[in-house]
Amino acid sequence: MTTLSDPTVASVVELIYGDQSRFHSLEALLLGVDLKRPEYGVELWVNADSYWGRLVTPVYGARLAALGGNAEADRALLDLVEVTVARFLQGESLARKSLPAWMPALRTALLEDGYRMKIDRVIGAGTEARVRCRLKPTAWLPVRLAGQVALLETELEVRGQQTALDHLRKAVEHYERGRFPACEKRLRSALQQVTAYAAGTGDPDGGRNVRHLVDTGRLTIAQGTRLLHDLRGMVVGDPFPHRTRADATRFRIQLTAVRAGSLLAQVEL
C-alpha cells in the first residue's frame, strides 16, 4: 500500500502526544491537515474525550479510509507527518549529526512506505526562517503495495483475465519509468476489464457494468457510485488532493488494487 503504515503513523502520533506543548491546539492541528471529518470517527478502545483519544481516533479513522481508497484521507496523513516534523524541528539544527533521536526511525519507516523525507529552511514573511518538510515518493512501489499488486496479478492469471493482467503490468512498468499519464490509462483499462468480468456482461462500457452490478445487488448504490467516480477520475491530470502527479498516480495504483480485489471477490471461481 502507499498509505502510511501503522509503524509510521504510530511514530508521529506518539511524537505529538509526548510533547503536547508543540502545538497550541490539537483541534487546530487536525483542522489544518483536514483530519477533523465525521467519517474518520471510528470506534477505538480509548477515552474519546482525552487528548490521546481526540488524537488517535481521527488519525486511524483516516488511515482506514485511505486503505479503502479515500485519496483525501491519504493526503491528510501525509500532511500530518510534514506539519509535525516541521514543528518539532523548528529552532533545531538540521545538521545530520544534530538531528533528534526520533528522526532515524521515522525516516526508515517512511522509506519502507515509499517516501523520502526532505527537510530544509525557507524564508517566510518574517526574518526568521522556518523549517519545511516534504515527503516525496520513491521511484519504485512500496514493498506492501508491490505485494498487493503481485497478488492481484496472480488472481487475474488464475481467473484467465489476461487483458486486465496485461494492462496492470504495463501500468506498473509505466509508473517505474515516470510515465504517469500512460500508467493511469492502463490502470483505468485494467479496472474496466475487471468490472466487465464481475458484471458478466462482456460489455466494455464501465457505466453500464456498474449499473448492472448495482441492479443485481452485488454493489450498493454508494459502492457503485464510488466505483464509477474512481473509473472516471483515474486519468484526471489534476493530482488533487495529492500534491504531485507521482503521488496521485501511485495512489491510483493502490485504488485499482483495492477496487479490483473487491470486484473479483464478487465472482466465485
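The values are calculated or read from the model by the stated rules, or taken from the named source; none is laboratory data. Keep in mind the model is a prediction, meaning the values are calculated, not measured. Cβ atoms come from the backbone with ideal geometry, glycine included; neighbour counts cover every protein chain shown. To get the accessible areas, we keep the full protein, side chains included, count just its heavy atoms, and leave off ligands, DNA and RNA. Shrake-Rupley method; radii C 1.70, N 1.55, O 1.52, S 1.80 Å.
Quick notes on this structure:
- ³J(HN,Hα), Karplus 6.51/-1.76/1.60, whole Hz, each residue of the stretch 239-254, x for Gly, Pro: x, 3, x, 6, 7, 10, 5, 4, 4, 5, 5, 5, 5, 5, 5, 4
- Computed on the stretch 50-123, the Cα convex hull volume stands at 124 Å³ per residue.
- Contour excess over end-to-end distance, with Cα ends at ARG208 and THR225 and 0.36 nm allotted per residue: 4.9 nm
- Shape of the stretch 124-180, Cα gyration tensor, a/c cut at 1.5: prolate
- In the assembled protein chains, ILE16 presents an accessible area of approximately 0 Å² (probe radius 1.4 Å).
- Note on the stretch 15-152: along the principal axes its Cα atoms extend 48, 40, 28 Å, ordered by decreasing extent.
- Burial ranking of peptide ranges 225-235, 154-164, 46-56 (average Cβ count within 10 Å, highest at the top): 225-235, 154-164, 46-56
- Estimated vicinal HN-Hα couplings, Hz - the stretch 257-269 in sequence order (Karplus 6.51, -1.76, 1.60; Gly, Pro = x): 4, 5, 5, 5, x, 5, 5, 5, 5, 6, 10, 6, 6
- The per residue volume of the convex hull around the alpha-carbon atoms of the chain is 144 Å³.
- Per residue convex hull volume, Cα atoms of the stretch 196-269, in Å³: 88
- Other residues within the sphere of radius under 14 Å centred on the Cβ of LYS36, judged by their own Cβ, net out at -3 (K and R +1, D and E -1).
- Gyration tensor analysis over the Cα atoms of the stretch 93-153 returns equivalent ellipsoid semi-axes of 32, 14, 7 Å (largest first, whole Å).
- With the convex hull of the Cα atoms taken as the outline of the stretch 127-269, the averaged projected area works out to 10.2 nm².
- FRET efficiency for the pair ALA95 and VAL267, taken as 1/(1 + (r/R0)^6) with r the Cβ-Cβ distance and R0 = 45 Å, rounds to 0.20.
- Where only alpha carbons of the stretch 1-73 are counted, the Rg and the Dmax (Å): 11.8, 34
- Tail beyond 16 Å, pair distance distribution of the stretch 92-198 (Cα, percent): 69
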